[in-house]
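The values are calculated or read from the model by the stated rules, or taken from the named source; none is laboratory data. Since we're looking at a predicted model, the values are computed, not measured. Virtual Cβ from ideal backbone geometry, glycine too; neighbours counted across all protein chains shown.
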Amino acid sequence: MEKFILPIVQVLDSDFNSEVIQSNKIVLVDFGAPWCGPCRMIAPVINEISKEYENIIKVVKINTDLNASVAAEYGIRSIPTLMIFKNGTKVDTVIGAVPRSTLLNTLNKYI
């Protein structure tokens with residue numbers, strides 16, 4: 001029997017604190033926008049990681065067009081930007097549509 005996988009949570013400025021900062025899991029935050037080609041290119045990799053690591057990390061997406069406050073707070077200048085948060089603190093950043101191996105190598109440093 002196939003296990004039900006929850007979709008990646010779409011986070012807003014208003015719930016970033018509760019969904020990311022206060023999370024007891026490591027959080028991978030995907031900053032992007034629907035019109036962004038590289039964001040669409042990396043989306044399948046993010047989805048695979050969210051399924052494979054579902055019991056270890058939390059994966060969320062933020063639309064930077066609709067949630068400018070959080071994007072500005074973290075200095076997002078290019079998308080996609082992936083940030084890793086641990087215990088409410090940003091511990092790493094990966095910018096651009098990087099290969100799966102690059103993203104996993106970065107993520108595995110904190111797991």
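Descriptive notes on the structure:
- Single match in Ile42, Ile46 (criterion: part of a helix (DSSP H, G or I), at pLDDT 95 or above and in contact with a Pro (Cβ under 6 Å, 6 or more places away or on another chain)): Ile42
- Summed over region 5-18, the residues that are touching a Lys or Arg at 6+ places or on another chain (Cβ under 8 Å) and either closer than 13 Å to Leu82 by Cβ or crowded, with 18+ Cβ neighbours inside 10 Å (or both) give a count of 2.
- Subset of region 24-50 [under 17 Å from Thr106 (Cβ atoms) and touching a Ser or Thr at 6+ places or on another chain (Cβ under 6 Å)]: Phe31
- Under the condition of being in a loop (DSSP other than H, G, I, E, B), in contact with a helix residue (DSSP H, G or I) (Cβ under 7 Å, 6 or more places away or on another chain) and either farther than 13 Å from Asn63 by Cβ or at pLDDT below 95 (or both), the residues counted in region 1-22 number 2.
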